[in-house]
Amino acid sequence: MGFFNLSGEQVTKLHDKCMPRRIGIYMEPSVEYIVAVLSVLRCGESFMPLDPSWPEERILSVVFSSRADLIIGCESLVDDGCFHQLDNVHWLASRGYCPVLCISIRQCIQRQSHLCSLVWPCESESSRLFCYLMYTSGSTGKPKGVCGTEAGLLNRFLWMQDLYPMHGQDYLVFKTSISFIDHLQEFLSGILTTSTLVVPPFNVLKENILCMVDFLQIYSVNRLVAVPSLLRAVLLPLQGPHYMGLRSSLKLLVLTGEVLHLSLCESLLKLLPHTAILNLYGSTEVAGDCTYFDCKQLPLILENEIVSSVPIGLPLSNCDVVLIGENAPKYGEIYVRGLCNGVGYFDHLSITPFGPAKLPQTSFINHTSRDPRLQGYFKTGDLARQLQSGDFIFIGREDRTIKFNGQRIALEEIENTLREHPDIVDAAVTCLKKHGEISSIEAYLVPKKMQDSNENFKSSIRSWMVKKLPQALIPSRIFFSESFPTTSSGKVDYNMLDDSSSSRAHGRSYVGEIWDNDDLKFIQKVFSEALMVDNISIHDNFFHSGGNSVSAAYVAYNLGINMKLLYAFPTPLKLQMALERKIGSSHYDSRNEDNVNVDSGVTDEILLPAYSKTGSPHGIKPRRRMFGAVDNSNTEHPTKLLKKDSSLCIIPKDGNLKDNGFWSSHSFNAACSVSRCNKIMYCNGGHNNLCHTISSQQISRERKGSVQELWKVNMESCVDASPLIVCKGSEVYLFVGSHAKKFVCVDARSGFVLWEVRLEGRIESSAAVLDDFSQVVVGCYQGNIYFLHLSDGSICWRFQTGGEVKSQPVVDKLRHLVWCGSYDHNLYGLDYKGYSCSYKLYCGGSIFGAPALDEMREKLFVASTSGILTAFSLKDSSCSKSWIQDLEAPVFGSVLINFNNGNVICCLVDGNVVSLDADGSILWKALCGGPIFAGPCISETLPSQVLVCSRDGSIYSFKLENGDLLWQQALGYPITSSAYIDENLELTSDASHLADRLVCVCTSAGSISVLRINLDAAGGASQPPENDMVQEIARLELGGDIFSSPVMIGGKIFVGCRDDYVYCLEFEADREANWSV
């Protein structure tokens, strides 16, 4: 793809341009943001990103300075309850600075009406001076608006396309904040090449930046743009075995925004030997980038040069970079000109050029391009040295502007803001460096009068600054002084301030700290590493000391804790006390909980402990969850939040709550629910499986494993219902009911009961969660279907059917319905938005199992105890019957759909398994050795197999294609529940064999069996059932019968039992097992 070839006439027209209107876009990185940007460009105007994370004062300052003509906000395309919704944009309209337009893409899609008339034409007759306006930190104390052009953006894109061509099959990720210039190339390159653009929920990345690695792995992202500090934060998890797929799929890594240090670059080169790694240099004024360096050339550079950081390389095409100064051409200030340059700074409807139109006559000019179109130079303020290879290497700044965490920060802007504080006389701001790298920003203040409590004064200053500046510009440390050291000319001597700051960081003496605790020392050590300082006091606030979301992710990973916990307990002492409060040095005892008071400023919180094999000396791995106030206005069915009743949760005496592999690092990218038969629902309504994140355990096929109890919760009576697991962010909940009419929400990691509610009848049905993850739905024997608040269990609505309800509800997101069967022979469609019954469909018999919804083909299938399988069409509002098939035997289990082809599979009480196509024609039948009372199970991790459990004590595997028997495993006792295939844990023996998968099966006699499925043998053409395709490798006996279907995720098994408990168990490979068949 070639570069621009402008004629002389076209060059002349560059001078005849009009001032475009400035359209503010107030959104996070999202699909809506992309649509808004492209719409503004199509209208011939300019867009101006307004980051919702900015303080209101900064946003209003930018809106006023830019004389914005319009601000666009939107209702998020993602449902409430799943991802973060933007703060209401209407507060901007109330200020009256300019009109505010709130759009709803969802409504536009649903209407699909004729094109509406536009206020502005889609094509402007005259060219615009600039197409975007981006505000960046300014040395004058006010943000500066940079006017960028299409030519700059396209030049950057076409250069990259020439060097590393992008194709439609590539996957990119759009995850950078809109306040950074780099976000434009992230999505424009995908749009211009019709590549797949992955847009993660921005709030999920903000809460836990480590989950970005999961997104990259799940979607096999080929290209990534990131700041070095982000790569440093995710480097440790990226080195793990779980991300081998990502390391092989990533073809290009672009590092920009910060100095790339040698140690990080060398680690990346070793970790990603097949990935092209580029180090780019630039700024907002030059469309993001103007030089590049191929990091594969670093070893060659190091053979001939002594450098302290990775070079920034050579100019991009159509960019000219020169060094100006007394020691030029080998050393000097970087000047840039070319198509990359913007037109200048926006200043109240006028544009101020960046810098001089020509260089000093005495300067050395080493042009990389002689194109006459490359006009005036931009004076960057950055100092560089030119190596023998011709590559430039960044040295520093001649002014007081820094690059910190990928953001350009003018320290003068922070100083001028601080001087506006009513109690501050003067301010000086510096940065603390560690090993040549900026670790924090520090402020020195001269107050009007010294305060009695400096800490309270510092806190009030920080609170004041939060309303004035973005988070990145708020100093980590604040010091008070009666005056500043000065130079001979009377100016502030920043070098002396830097020296005093450095000496404090390296030589602190903490008086009175006599703590001698290994966990506390370990926490201090991790804090110090993340903040890049030598010493951290046990009282130092992590975020006041320079911590941010990136360094917090580093701490969370190395301590093995939920990152939210660090925000609640930000000092080493508070964090250690919080963990010790729940866990102690070796085990957890909830009876001591009331005797510890941690002054955290966080109320009503529940710490959820678990343990890790690595991390601190005691392996502490806490978790935290906060719920809002409980609404107990519904006195008929009061709910309780339970924190301190140790009788509710029983944990093994050895405190062996392991949280490793899948569970130790996984933060769920999208809220999802998991229930029996491998039924998984994401908040976007998809039917994708959860096997994107896979843990591995290595064990030879001759060895076995073990199942051990992690925790159990007393349910006061039999638990026949299968647990529902709900994952949101880093939190995992379990919902289940019992014959005692008790329905509970349990933290699935720890076993702590978060709330419980008493319903009117005993509960045997499994629950479901609504698509917005705000309510959980469950039926009971009294015929009621309850809609409960997920957060506290209070009843939102209930519907009375004409018979007992044992059927698991199914959520129909498109129609806002919950489908649930009853003993009264009817299938009900309940409108959970309008709290009404929309459909009552007669099915010819009692309904025990869950119906099956095929959203793609708009069909609903339900089977009854009369043996009738009915298909309903959802293409119209009448829900008419498409067909009816008499299966000639009762059906008690759930109906299953193979979403790859729309085929339906039913299990009959007479032992037959029947497969039908979407039109009701029988494709095949297979016969088991006994009655079947549970539904079949399929998973993409066991391709082409359907698993069926029978009362003859065996589990059968049939080919999905034709019903042929693949294998059969006898377990010795009748089986009444369904099997579950673990999609997140695999067993490996050696590289020459495929990884084996695990299946959990529970017998009615109370045994939990784990089967190992040999995928090598499963790939054979005609293997006999008695081959080695399956073997039982672990078993655990519980104290009661089991009619509950298990759920197995990453080695954790959740199941109910008739000994009145719901259990969490863990499978672990290659242990000495004490069971026998």
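The values are calculated or read from the model by the stated rules, or taken from the named source; none is laboratory data. These numbers were taken from a predicted model, which means no experiment stands behind them. Note that each Cβ is placed from the backbone with ideal geometry, even for glycine, and that neighbours are counted across all protein chains shown.
Table: residues versus (1) over 27 Å from residue 550 (Cβ atoms); (2) in contact with a Phe, Trp or Tyr (Cβ under 8 Å, 6 or more places away or on another chain); (3) at pLDDT 95 or above; (4) in a helix (DSSP H, G or I).
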{"residue": "122", "(1), (2), (3), (4)": "yes, no, no, no"}
{"residue": "133", "(1), (2), (3), (4)": "yes, yes, yes, no"}
{"residue": "138", "(1), (2), (3), (4)": "no, no, no, no"}
{"residue": "165", "(1), (2), (3), (4)": "yes, no, no, no"}
{"residue": "175", "(1), (2), (3), (4)": "no, yes, no, no"}
{"residue": "213", "(1), (2), (3), (4)": "no, yes, no, yes"}
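The residue that is modelled with the lowest pLDDT, counting only those in the range 406-420 that are buried (at least 18 other Cβ atoms within 10 Å of the Cβ) and of a type in the set (S, T, N, Q), is 407.
When 208, 155 are checked against the criterion of being farther than 19 Å from residue 289 by Cα, polar (S, T, N, Q), in the same structural domain as residue 239 (by TED's automatic domain parsing) and touching a residue at least 60 places away in the same chain (Cβ under 8 Å), 208 stands alone in meeting it.
A single member of 994, 998 is at pLDDT 90 or above and in the same structural domain as residue 678 (by TED's automatic domain parsing), and it is 998. Residues in the range 899-924 that are of a type in the set (S, T, N, Q), surrounded by 17 or more Cβ atoms within 10 Å (Cβ to Cβ) and within 36 Å of the chain's Cα centre (by Cα): 903 alone. Is it the case that the range 888-905 has a residue that's without any contact (Cβ under 8 Å) to a residue 24 or more places away in the chain, within 12 Å of residue 918 (Cβ to Cβ) and in a loop (DSSP other than H, G, I, E, B)? There is at least one residue in the range 888-905 that is without any contact (Cβ under 8 Å) to a residue 24 or more places away in the chain, within 12 Å of residue 918 (Cβ to Cβ) and in a loop (DSSP other than H, G, I, E, B).
Every residue, every condition in (1) under 26 Å from residue 438 (Cα atoms); (2) not hydroxyl-bearing (Ser, Thr, Tyr), yes or no:
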residue	(1), (2)
182	yes, yes
189	no, no
205	yes, yes
212	yes, yes
218	no, yes
252	no, yes
255	yes, yes
260	yes, yes
268	yes, yes
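Just to be sure, is residue 722 small (Gly, Ala, Ser), touching a strand residue (DSSP E or B) at 6+ places or on another chain (Cβ under 8 Å) and surrounded by fewer than 19 Cβ atoms within 10 Å (Cβ to Cβ)? No; evaluated as a whole, the condition is false for this residue. When residue 228 is tested against (1) of a type outside the set (A, V, I, L, M, F, W, C); (2) farther than 23 Å from residue 472 by Cα; (3) touching a helix residue (DSSP H, G or I) at 6+ places or on another chain (Cβ under 8 Å), exactly one condition is not met: (2). Looking at the structure I just gave you, is residue 206 among the basic types (Lys, Arg) and in contact with a Ser or Thr (Cβ under 8 Å, 6 or more places away or on another chain)? It is true that residue 206 is among the basic types (Lys, Arg) and in contact with a Ser or Thr (Cβ under 8 Å, 6 or more places away or on another chain). Beta carbons closer than 7 Å, at least 6 apart along the sequence or on distinct chains, pair a first residue in the range 461-483 that is in the same structural domain as residue 423 (by TED's automatic domain parsing) and part of a helix (DSSP H, G or I) with a second that is surrounded by 21 or more Cβ atoms within 10 Å (Cβ to Cβ) and hydroxyl-bearing (Ser, Thr, Tyr) for 465/417; 473/137.
Scanning the range 1-57 for residues that are farther than 24 Å from residue 194 by Cα, charged (D, E, K, R), outside any loop (DSSP other than H, G, I, E, B) and at pLDDT 60 or above yields 22, 56, 57. If we scan the range 351-373, do we find a residue that is modelled with pLDDT under 75 and either buried (at least 20 other Cβ atoms within 10 Å of the Cβ) or closer than 30 Å to residue 177 by Cα (or both)? Among the residues of the range 351-373, at least one is modelled with pLDDT under 75 and either buried (at least 20 other Cβ atoms within 10 Å of the Cβ) or closer than 30 Å to residue 177 by Cα (or both), which makes the answer yes. The residue of the range 316-350 that is modelled with the highest pLDDT, among those that are loosely packed, with under 13 Cβ neighbours inside 10 Å and either hydroxyl-bearing (Ser, Thr, Tyr) or more than 30 Å from residue 69 (Cα to Cα) (or both), is 326.
On inspection, residue 574 qualifies as within 27 Å of residue 404 (Cβ to Cβ), at pLDDT 80 or above and among the basic types (Lys, Arg).
Of all residues in the range 383-409, those satisfying the criterion of being in a strand (DSSP E or B) and within 22 Å of residue 532 (Cβ to Cβ) are 393, 394, 395, 396, 397, 401, 402, 403, 404, 407, 408, 409. Residue-level check: of (1) in contact (Cβ under 8 Å) with a residue 12 or more places away in the chain; (2) surrounded by fewer than 23 Cβ atoms within 10 Å (Cβ to Cβ), residue 821 misses just (2). Entry remark, the range 421-437: residues being assigned to a loop (DSSP other than H, G, I, E, B), surrounded by fewer than 16 Cβ atoms within 10 Å (Cβ to Cβ) and modelled with pLDDT of 80 or more number 2 in total.
The condition of being assigned by TED's automatic domain parsing to the domain that holds residue 853, under 22 Å from residue 674 (Cα atoms) and either of a type outside the set (Gly, Ala, Ser) or surrounded by 23 or more Cβ atoms within 10 Å (Cβ to Cβ) (or both) holds for only one of 895, 891, that being 895. Selection over the range 908-965 of residues that are of a type in the set (A, V, I, L, M, F, W, C), in a strand (DSSP E or B) and without any contact (Cβ under 8 Å) to a residue 60 or more places away in the chain gives a count of 14.
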